[in-house]
Number of protein chains: 2
Amino acid sequence: MTRGDIFDPACPTRLLLDRVGGKWVAMAVKVLAEAHPGELGFAELERRMPGVSHKMLAQTLRTLAGDGLVMRRVEPVIPPRVHYRLTPLGLSLDAPLAVLREWAETHMAEVAAHRRIASPAE
Amino acid sequence: MTRGDIFDPACPTRLLLDRVGGKWVAMAVKVLAEAHPGELGFAELERRMPGVSHKMLAQTLRTLAGDGLVMRRVEPVIPPRVHYRLTPLGLSLDAPLAVLREWAETHMAEVAAHRRIASPAE
DNA sequence: CGGAATCCCTGCCGATACTG
DNA sequence: CAGTATCGGCAGGGATTCCG
């Protein structure tokens with residue numbers, strides 16, 4: 001099966017990129033992976049992800065939890081405290097993302113240089 | 001530098017995902033990588049990327065060319081024929097994407113299963 | 001035939017405000 | 001403190017049309 005992947009409407013890579021392409025997903029996975037196997041509270045995550053809005057963090061975590069990539073643990077206290085950690089599945093996703101990070105850090109300057117040549121005036 | 005990556009506004013990974021996350025970028029890179037070092041005409045690309053619209057293919061290729069990931073060769077004939085091929089830079093991007101594809105093909109079923117459990121009713 | 005420009009719609013994401 | 005609901009701005013991307 002060489003053409004059964006990206007070309008299907010339900011192509012796995014397409015589906016993955018739709019999720020990982022989200023603005024905060026990659027960052028959340030990285031932060032949680034760095035903390036692994038420890039947990040991080042909501043506020044702690046917010047602190048470690050500068051610029052994320054309250055809403056988007058909650059939404060991102062909810063999606064990731066729904067996908068089985070992160071585990072949610074609720075402490076039934078007042079005020080409520082919720083902790084997040086990567087599942088094994090979520091942790092396994094960090095490797096491919098790390099490869100992507102590595103490529104980006106190595107080559108994005110080159111890409112930026114090309115862009116500058118291609119569109120000098122703007 | 002451990003925190004200098006995703007957290008910067010100009011974080012390379014963020015920038016990369018903004019591009020690769022585009023609906024047709026990953027597919028185009030894969031198709032061109034499979035054809036490498038051969039070239040593909042516009043029509044040929046359109047054929048190999050089912051579902052892509054005329055406009056989005058042109059736009060995707062223009063962006064990739066502007067980023068220095070693909071090379072454009074125009075045959076000055078009537079009607080005009082344009083051929084595309086990956087640059088070495090673009091070819092190097094295929095490796096990280098291949099890793100992502102591999103992860104997706106291995107684990108996306110698992111992700112889908114979790115989603116089904118998380119939201120059985122819709 | 002390749003591609004650029006236009007129109008429109010949809011979904012993401014941010015800000016704000018409210019519940020427990 | 002954690003989470004949700006609502007609103008609005010904005011960009012991605014699809015269909016169509018016109019130019020070379």
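Structure notes:
- Segment A:71-85 - residue that is surrounded by fewer than 16 Cβ atoms within 10 Å (Cβ to Cβ) and away from DNA strand C (no atom under 13 Å from the Cβ) and, of those, farthest from the other protein chains (Cβ to nearest Cβ): A:ARG73
- Each residue in segment A:63-82 was checked for being within 9 Å of DNA strand D (Cβ to nearest atom) and closer than 16 Å to A:LYS30 by Cα, and 1 of them qualify.
- Filter pass, B:MET56 being part of a helix (DSSP H, G or I), within 26 Å of A:TRP24 (Cα to Cα), of a type outside the set (D, E, K, R) and more than 8 Å from chain A (Cβ to nearest Cβ): yes
- Of the residues making up segment B:17-60, those that are surrounded by fewer than 18 Cβ atoms within 10 Å (Cβ to Cβ), free of Cβ contacts under 8 Å to residues at least 12 places away in the same chain, near DNA strand C (Cβ under 10 Å from one of its atoms) and of a type outside the set (Gly, Ala, Ser) number 7.
- Test for B:GLY68: is it crowded, with 18+ Cβ neighbours inside 10 Å, facing chain A (nearest Cβ under 8 Å), farther than 22 Å from A:LEU64 by Cα and out of contact with any Lys or Arg (no Cβ under 6 Å at 6 or more places or on another chain): yes
- Segment B:39-53: number of residues that are in contact with a strand residue (DSSP E or B) (Cβ under 7 Å, 6 or more places away or on another chain) and either more than 11 Å from DNA strand D (Cβ to nearest atom) or not in a helix (DSSP H, G or I) (or both): 4
- Output for segment A:86-99, where each listed residue is away from DNA strand C (no atom under 16 Å from the Cβ), under 20 Å from B:ALA98 (Cα atoms) and not hydroxyl-bearing (Ser, Thr, Tyr): A:LEU89, A:GLY90, A:LEU91, A:LEU93, A:ASP94, A:ALA95, A:PRO96, A:ALA98, A:VAL99
- Count of segment A:86-117 residues which are at the interface with chain B (Cβ under 8 Å from one of its Cβ atoms), surrounded by fewer than 19 Cβ atoms within 10 Å (Cβ to Cβ) and among the basic types (Lys, Arg): 1
- The condition of being in contact with a Gly (Cβ under 7 Å, 6 or more places away or on another chain), of a type in the set (A, V, I, L, M) and farther than 16 Å from A:VAL82 by Cα holds for only one of A:VAL29, A:VAL25, A:VAL52, that being A:VAL29.
Values in this text are rule-based calculations from the coordinates and carry no lab data. The shown structure was predicted, so the numbers you read here are calculated from the model rather than taken from an experiment. Note: ideal-geometry Cβ built from the backbone for every residue, glycine included; neighbour counts use all protein chains shown.
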